[in-house]
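The structure under discussion appears below in the form of structure tokens.
The values are calculated or read from the model by the stated rules, or taken from the named source; none is laboratory data. As the structure is a computational prediction, the values presented were derived from the model and not from experiment. Virtual Cβ from ideal backbone geometry, glycine too; neighbours counted across all protein chains shown. For the accessible areas, the whole protein counts, side chains as well, though only heavy atoms, and no ligand, DNA or RNA atoms are used. Shrake-Rupley method; radii C 1.70, N 1.55, O 1.52, S 1.80 Å.
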Amino acid sequence: MKKSITKSIVFTAFLILFVLSNLTVSGASSLKVTVNGKSEDIGTATVGKTVYVDIAALSQILNLNVTQNNNSINISNKNEDVIPEIIKEISPSVVGIIGNTKAKEGSAEGLALGTGVVIKSGGEILTNAHVVVDMTRIVVVLSDGSGYDARIKYIDKKADLAVIKIDKIGLFPAKFGEASDIIIGKTAIAIGTPLSFQNRNSASVGVISGLNRSIDGFYEYKLIQTDVAINPGNSGGPLVNMAGEVIGINSITTLNAQGLNYAIPIDTIQFVLDHFYKYGMVKRVTLGAEYDEDNVALYGLPSKKGLKVISIKAGSCAEKYGLEKNDYIYNVNGKAVNTTVDLNEALKGLLPGNKVNINIRRDGNEQSIIVVLDELQI
């Protein structure tokens, strides 16, 4: 009975607030509004002794959907209404990828599948490099079921991203989100081609579980962790936020585990695409050194030890600007460094010839070195 009464009170309160939000009232209140313990900038107004809160602003914060027509007001969980619309909106931008794979020693030519997301209306599609790198023939199937031969236009194995091209115009590019919107606990949606091509454009919903994850030996940059259901074939498909914007590319799942999946975040995607279109490849920088990583940091535990320099290439910028064997690099341009992934993140977006400020520990003493970066030769 208490639960029913509480629901009635909440509904009545929202009903009053919604109606009053359409009224013009005087006497603005200077009251501080706190929602779930967080101070919010919500307009308030006082009528007599009663203070009213802007229902439109409050509903956005509480993730509720409030609609009104001539005869009724409807209040519902926003996700219930929005998720189907997001899936409907993004689906035309999601494609299935299928192709023959190169025969390996002792095995016959096989068949592989994956997913991609349209980024340009003229036929350019973003996917994982590992989806297409070994395909001898690539076929893209659009959401309407039509198929087109595709070719690799750009590919970067280190970031595990590629752009493929089909001869088709009038496609529907997906919208990109912002890295700042990737927050632990927020709802995320994955769309892809799991396990079988008949499952093309399947959707799954979950949350962002973690940020700045590293997978040693597989990815050179940090990843998003999510519990959104991802299976083989989802690779290359979009991870989408509640605004229908791509915030990641689903890339890898953990075998023998549940809900432990990873996506390449939008900031890495933007970095790679920017280089693709400017240089036709990703230009990377190097210090010209080799490192020993902090095992504590590799296990994901807090560490401030730094990245140990174990050798320096002759003639490299590391040698030129004074880095030495057994130095510990602990900060690069204000970013903490304990692993090579940390270092790659700190150097991401920098170009050969750029200067970088490196903080090191040498024989227990801290010092700062300015280094002009070399280009990494592939």
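Tallying residues that are assigned to a strand (DSSP E or B), within 12 Å of GLY306 (Cβ to Cβ) and of a type in the set (A, V, I, L, M) within the range 325-378 yields 5. I'd like to know if the range 268-289 contains one or more residues that are within 30 Å of ILE83 (Cβ to Cβ), open to solvent by 40 Å² or more (accessible area, probe 1.4 Å), modelled with pLDDT of 95 or more and within 21 Å of the chain's Cα centre (by Cα). Scanning the range 268-289 turns up at least one residue that is within 30 Å of ILE83 (Cβ to Cβ), open to solvent by 40 Å² or more (accessible area, probe 1.4 Å), modelled with pLDDT of 95 or more and within 21 Å of the chain's Cα centre (by Cα). Before we move on, is ASN359 open to solvent by 20 Å² or more (accessible area, probe 1.4 Å) and either under 30 Å from VAL163 (Cβ atoms) or modelled with pLDDT under 95 (or both)? For ASN359, the condition - open to solvent by 20 Å² or more (accessible area, probe 1.4 Å) and either under 30 Å from VAL163 (Cβ atoms) or modelled with pLDDT under 95 (or both) - is not met. Once the range 325-352 is narrowed to residues that are surrounded by fewer than 18 Cβ atoms within 10 Å (Cβ to Cβ), closer than 25 Å to TYR219 by Cα and not polar (S, T, N, Q), the residue that is nearest to the chain's Cα centre (by Cα) is GLY349.
Starting from residues that are in contact with a helix residue (DSSP H, G or I) (Cβ under 9 Å, 6 or more places away or on another chain) and either of a type in the set (S, T, N, Q) or more than 17 Å from LYS157 (Cβ to Cβ) (or both), keep the ones in the range 258-267 and report whichever is surrounded by the fewest Cβ atoms within 10 Å (Cβ to Cβ). Here the answer is ASP267. Candidates ALA159, ALA129, ALA174: the one that is open to solvent by less than 30 Å² (accessible area, probe 1.4 Å), in contact with a Pro (Cβ under 9 Å, 6 or more places away or on another chain) and not acidic (Asp, Glu) is ALA174.
Every residue, every condition in (1) open to solvent by less than 40 Å² (accessible area, probe 1.4 Å); (2) among the aromatic types (Phe, Trp, Tyr); (3) free of Cβ contacts under 8 Å to residues at least 12 places away in the same chain; (4) in a strand (DSSP E or B), yes or no:
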position: GLY116; (1), (2), (3), (4): yes, no, no, yes
position: LYS153; (1), (2), (3), (4): no, no, no, yes
position: LYS168; (1), (2), (3), (4): no, no, no, no
position: SER180; (1), (2), (3), (4): no, no, yes, no
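ALA150: in contact with a Lys or Arg (Cβ under 8 Å, 6 or more places away or on another chain) and either modelled with pLDDT of 95 or more or not hydroxyl-bearing (Ser, Thr, Tyr) (or both), yes or no? Criteria met by ALA150.
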